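Let me begin by presenting the structure, written as structure tokens, before commenting on it.
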Amino acid sequence: MRCAPRKDDFATRRKHLQKMSDQELHAHFWKLVEDIVAPLIEEARTHTTPSIERSVLMRMGFSSVETKVLVQRVLERGLLGRGAGRLLLGLARTKGVSVREAGTALIEGKYGEELGA
Amino acid sequence: MKLSPDEKLEIGKVLEGLEHYRPKRKGWSWRRKRHEHRIGPFLYKNTSENLKRSLPLSAAHAFGDIDPQCDLTITTEIASGRFEDDLRRMRMAAWHGADHIMVIRTTGQSHIDGLIEGTIEGVGGVPITRKQIRATRKALDAIEDEVGRPINFHSYVSGLAGPEIAVLFAEEGVNGAHQDPQYNVLYRDINLHRSFVDAAEAKRILADGNILQLDGAHNANATAKQAWKVTPELFVQHAINTAYSRRAGMPADRIALSTVPPTAPPAPKIRLDLPYAVALRELFAGYRFRAQQNTRYMEADTLEASVTHVLDTLLSRLTATDIQSTITPDEGRNIPWHYHNVAGVNTARQTLMGLDGVTEQIVLKKDGGVHAQVRELKERAVLFLEEILAGGGYYDAVAAGQFVDSGYFPERNGDGIHRDPAGGDGAGSVVPREADYGAPVCSHFGTNVYASGDDKPCDAIGGCSLCDASKIRYIDELDPEDNVNQRLRQPLADRAAGVLRPEVEKHADGVVCATLFVPASPKVAEAAALEMARHMGLREPVVLSRRIMHPAEGSVFEIKGALDAAVRIEDLQLDDRPEPLPEAEIEAWVRPRQLHVVAATVGEDEHSVGLREILDIKHGGIEKYGFHCHYLGTSVALQRLLEAARDTAASAVLISTIITHERVHERMMRELHELAKRHRLREKLLLIAGGTQVTDQMARACGLDAGFGRGTRGRDVASLLVQMLKARGS
Ligand code: B12
């Protein structure tokens, strides 16, 4: 649905706001904003993206060039929803190597099948 | 790295050891405010700590060279495309009072899904890479030591790589950032879901990094043709980003609303913009305000832009503002030039110092016109929000084109920006987190198996890069051709050869600007002006601004062009006048010798102020050192001066000559010399002239011993007198 042109009907549309004190109006304003933002922030809480996952790997000590390849590997296997960082840490533990070693190996094409196992 | 005021910033030094450089401090810094602050002859109300080094406003020399600093942070945006040139400009801006340096990103960086590295050249901005921001932070760390005040470095966390850029900024000590998911959606067509999900992560990182956030609402009035009509929506955009930031963990005092007074004269600016500014401050009490100057209506006339910016700054002072952002006066005509950044900063600081304490004398009326308009704006904003919810929420509102419609809400013109929530760049890239989703790092937003206990999430990996900087992986260059080392060749060669070229933006760009008034009708005048610029030797001249003075009498043009002139420093004739002698030394020599001088303003010139300043003990004039001054007044005939010189056995004659019509000043100087010769006094007397248009070279060419221009102090004259008299063996 697209917004259709409309004349300025402020005078009639505002009727229900007229009686509110400034304070009430402010409270109403912020309540509406909270209601608009709630579903957005809920989506953010429960979803992830390639950039978020690359940023996690950056924080784990990988360069931007490395994070690109690593997240690509995770995406190819449809595993992004488990978290690239968690998968890498899991891999490192299974293999008994450091996170960095696990990441480098993955970049070189090793351990692919074991990722997320 | 330490800077010395008389040495240039060495880019080589900045780049040296960059792989190991860590920022001196992190997070945002406000100025340290001073409320009752005595500086020179004045008691200031709205200032902050003085700077250690700075360049004061021009008029300051009349007040003892004071440079009071206002209490607001002052922003300037610097991004020519080559960060190595920008660093020099940042230093210049800091010396004029800027303490918030914003670097715009290169065109198109928003659409790159990931980080870029190295020092590739940008277009309309600088590619934000680790190396470039680290180099910039390093230079700013040195500059802040030089001026004696923290300088906030700022860039943008937007586009497809928001979370990564946020991590980069937190790691590298960037202090402020724009972050507003609505901006991505409305102006970059980045997928809605992607933009908001990324934003929560980015905001959480900024919050923990104590980085100040600016939002992007002001872009709506930069876009709209009738910018004042989008004001109801601006409240909505500010509010959505603010509430979202709070939910992502950002504290109120790290959230700054980016607001621009929407109009410019000849619109009745203050009357239109003030209610909006007041309403915003009331609705968003507790948050910070970054007042930006108007860009929407700025065109080629830099003076007109500056006047609008003065009025913008007046509004900032009358309402509450924390950051005064400046727009360069050349904003409407080119990517800003070095000295226009400085001009913009000076517009803000000059205005704010001029308005110091004004709110103790002027208050806004609480009742009547302003209040009614404030209330109406708030109600219009509330109605906007109600419509978003009635239509199904934010995503549906964007899909319906509810934003950036040119109608004054609830008026609708049906020309808003539409975005399909399932479309745009990065569509389909948002993935639900599984039950066992985890990210073993700090500053991560949302569900995370590592964030359940009391331990830091990054304990699982023995620390993340935000806790342990040794984990940061630095990449130097990826492109062997497009990088700073290649670009530095020319500047370094020029330096080695000792040549200088003019520049406005990038090293040796050769660009100069000439102002020409041509007394003809506009078209003829313009063609003539360009032709004249070619005669001046300017390559590819372009008209930057044109202003009709009268359709028949003439127009004035500012023309830019390239000047292919490289001058050799060693061939230059420098002003070789030595530094003045120490005061004590002057006095020790003068006092015992009982020296007399006679002085007057000559011709038919009544200007006395300048000469009195040179003579008078109260103004630090030469009397102070023991000279006996015989001041004869104004409009004095040369003949009389020489007679007085003979009568008092004076050592020197000082004349002031301010009026210069028909080169009367040069004639006065020449006649003085001739007359003294005729009276056989020339060898006995030092003849010295001064005035606004007098130069030493000119005075000597006219036969005198020395000349002094604007800004001369008694000490300069006394010192020269001593040196010359010594040389004569008196
Ligand atoms: C104050 C002033 C006046 C006052 C003068 C009062 C007085 N008792 O002096 C009044 C109002 C009377 C006046 C009148 C006029 N003025 Co008037 N005036 C000014 C003004 C606003 C400030 C000058 C001043 O005092 N500056 C402060 C002093 C400290 O600076 P300074 O003079 O430059 O002096 C420094 C140096 O030049 C140097 N110096 C000066 N003399 C000497 C001498 C020696 C020996 C040495 C070593 C150094 C030295 O050291 C000084 C200290 O640093 C200027 C505009 C401006 N903002 O500059 C116009 C200005 C100087 N005036 C100007 C004019 C044209 C006039 C009038 C002709 C206007 C008219 N048509 O009526 C009349 C002149 C009448 C006359 N017969 O002289 C012009 C001169 C233009 C030119 N270059 O020819 C100016 C520049 C304004 C303009 N842009 O049109 N004026």
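A few comments on the model shown:
- The sole residue among B:P5, B:P68, B:P56, B:P23 that is without any contact (Cβ under 8 Å) to a residue 24 or more places away in the chain and closer than 19 Å to B:G148 by Cβ is B:P56.
- Any hit, region B:59-74, residues being open to solvent by 60 Å² or more (accessible area, probe 1.4 Å), touching a helix residue (DSSP H, G or I) at 6+ places or on another chain (Cβ under 7 Å) and over 23 Å from B:G173 (Cα atoms): no
- Any hit, region B:405-414, residues being modelled with pLDDT of 95 or more, assigned to a loop (DSSP other than H, G, I, E, B) and among the charged types (D, E, K, R): yes
- Helices (runs of 4 or more DSSP H) fully within region B:517-625 that include at least 1 residues being within 16 Å of the ligand (Cβ to nearest atom): B:583-590, B:609-615.
- For region A:77-117, a residue qualifies if it is touching a Pro at 6+ places or on another chain (Cβ under 6 Å) and either open to solvent by 70 Å² or more (accessible area, probe 1.4 Å) or within 16 Å of B:E434 (Cα to Cα) (or both), and the qualifying residues are A:G81, A:G85.
- Residue-level analysis places B:N210 among those that are at positive phi and at pLDDT 95 or above.
- Filtered by the rule that a residue be more than 7 Å from chain B (Cβ to nearest Cβ) and closer than 23 Å to B:G159 by Cβ, region A:28-63 gives A:E53, A:L57.
- Pair list, Cβ < 7 Å and 6+ apart or interchain, from region B:236-264 residues that are without any contact (Cβ under 8 Å) to a residue 40 or more places away in the chain to residues that are open to solvent by 10 Å² or more (accessible area, probe 1.4 Å): B:A243/A:E34; B:A252/B:G286; B:A252/B:Y287; B:D253/B:R288; B:T263/B:W228; B:T263/B:L272
- Of all residues making up region B:190-230, the number that are of a type in the set (S, T, N, Q) and either outside any helix (DSSP H, G or I) or within 13 Å of chain A (Cβ to nearest Cβ) (or both): 5
- Sole residue being more than 10 Å from chain A (Cβ to nearest Cβ) and among the hydroxyl-bearing types (S, T, Y), chosen from B:S452, B:S443: B:S452
- If the condition is being in a loop (DSSP other than H, G, I, E, B) and within 20 Å of B:L364 (Cα to Cα), then region B:308-335 contributes B:T319, B:A320, B:T321, B:D322.
- Single residue of A:G96, A:G103 found to be more than 20 Å from the chain's Cα centre (by Cα), farther than 23 Å from B:K203 by Cβ and touching a residue at least 24 places away in the same chain (Cβ under 8 Å): A:G103
- Condition check for A:E34: farther than 21 Å from B:A427 by Cβ and open to solvent by 60 Å² or more (accessible area, probe 1.4 Å): yes
- Selection of first residues in region B:517-533 that are buried (at least 19 other Cβ atoms within 10 Å of the Cβ) and of second residues that are part of a helix (DSSP H, G or I), restricted to Cβ pairs under 8 Å at least 6 apart or on distinct chains, gives the following pairs, ordered by first then second residue: B:V518/B:V524; B:V518/B:A525; B:V518/B:E526; B:V518/B:A528; B:V518/B:A529; B:V518/B:M532.
- Applying the condition of being farther than 13 Å from B:V694 by Cα and modelled with pLDDT of 95 or more to region B:661-678 and asking which residue is farthest from the ligand (Cβ to nearest atom) yields B:R678.
- Lone unmet requirement of (1) within 11 Å of the ligand (Cβ to nearest atom); (2) surrounded by fewer than 23 Cβ atoms within 10 Å (Cβ to Cβ); (3) in contact (Cβ under 8 Å) with a residue 40 or more places away in the chain for B:L685: (1)
Conditions tested, residue by residue: (1) touching a Phe, Trp or Tyr at 6+ places or on another chain (Cβ under 7 Å); (2) modelled with pLDDT under 95.
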position	(1), (2)
B:S470	no, no
B:R473	yes, no
B:E477	no, yes
B:R489	no, yes
B:A493	no, yes
B:A496	no, yes
B:E503	no, no
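- Close pairs (6 angstrom Cβ cut-off, 6 or more residues apart or separate chains): closer than 16 Å to B:F445 by Cα in region B:192-216, open to solvent by 10 Å² or more (accessible area, probe 1.4 Å) and of a type in the set (V, I, T) anywhere: B:H193/B:V430; B:R194/B:V430; B:V197/B:V430
A quick yes/no check of all residues on (1) open to solvent by less than 40 Å² (accessible area, probe 1.4 Å); (2) in contact with a strand residue (DSSP E or B) (Cβ under 7 Å, 6 or more places away or on another chain); (3) facing chain A (nearest Cβ under 8 Å):
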{"site": "B:E386", "(1), (2), (3)": "no, no, yes"}
{"site": "B:G391", "(1), (2), (3)": "no, no, yes"}
{"site": "B:D396", "(1), (2), (3)": "no, no, yes"}
{"site": "B:V404", "(1), (2), (3)": "yes, no, no"}
{"site": "B:G407", "(1), (2), (3)": "yes, no, yes"}
{"site": "B:N413", "(1), (2), (3)": "no, no, yes"}
{"site": "B:P421", "(1), (2), (3)": "yes, no, no"}
{"site": "B:A435", "(1), (2), (3)": "no, no, no"}
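- Matching option when the condition is within 9 Å of chain B (Cβ to nearest Cβ) and part of a helix (DSSP H, G or I), among A:E101, A:E66: A:E66
- For region B:346-397, filtering for residues that are more than 36 Å from the chain's Cα centre (by Cα) and either among the hydrophobic types (A, V, I, L, M, F, W, C) or part of a helix (DSSP H, G or I) (or both) leaves 15.
- Answer residue from region B:691-705, given it is buried (at least 24 other Cβ atoms within 10 Å of the Cβ) and within 34 Å of the chain's Cα centre (by Cα) and is nearest to the ligand (Cβ to nearest atom) among those: B:G691
The values are calculated or read from the model by the stated rules, or taken from the named source; none is laboratory data. None of these values were measured; they are calculated from a predicted model. All Cβ positions, glycine included, derive from the backbone under ideal geometry; neighbour counts span all protein chains shown. Accessible surface is based on the protein model in full, side chains and every heavy atom, while ligands, DNA and RNA are left aside. Shrake-Rupley method; radii C 1.70, N 1.55, O 1.52, S 1.80 Å.
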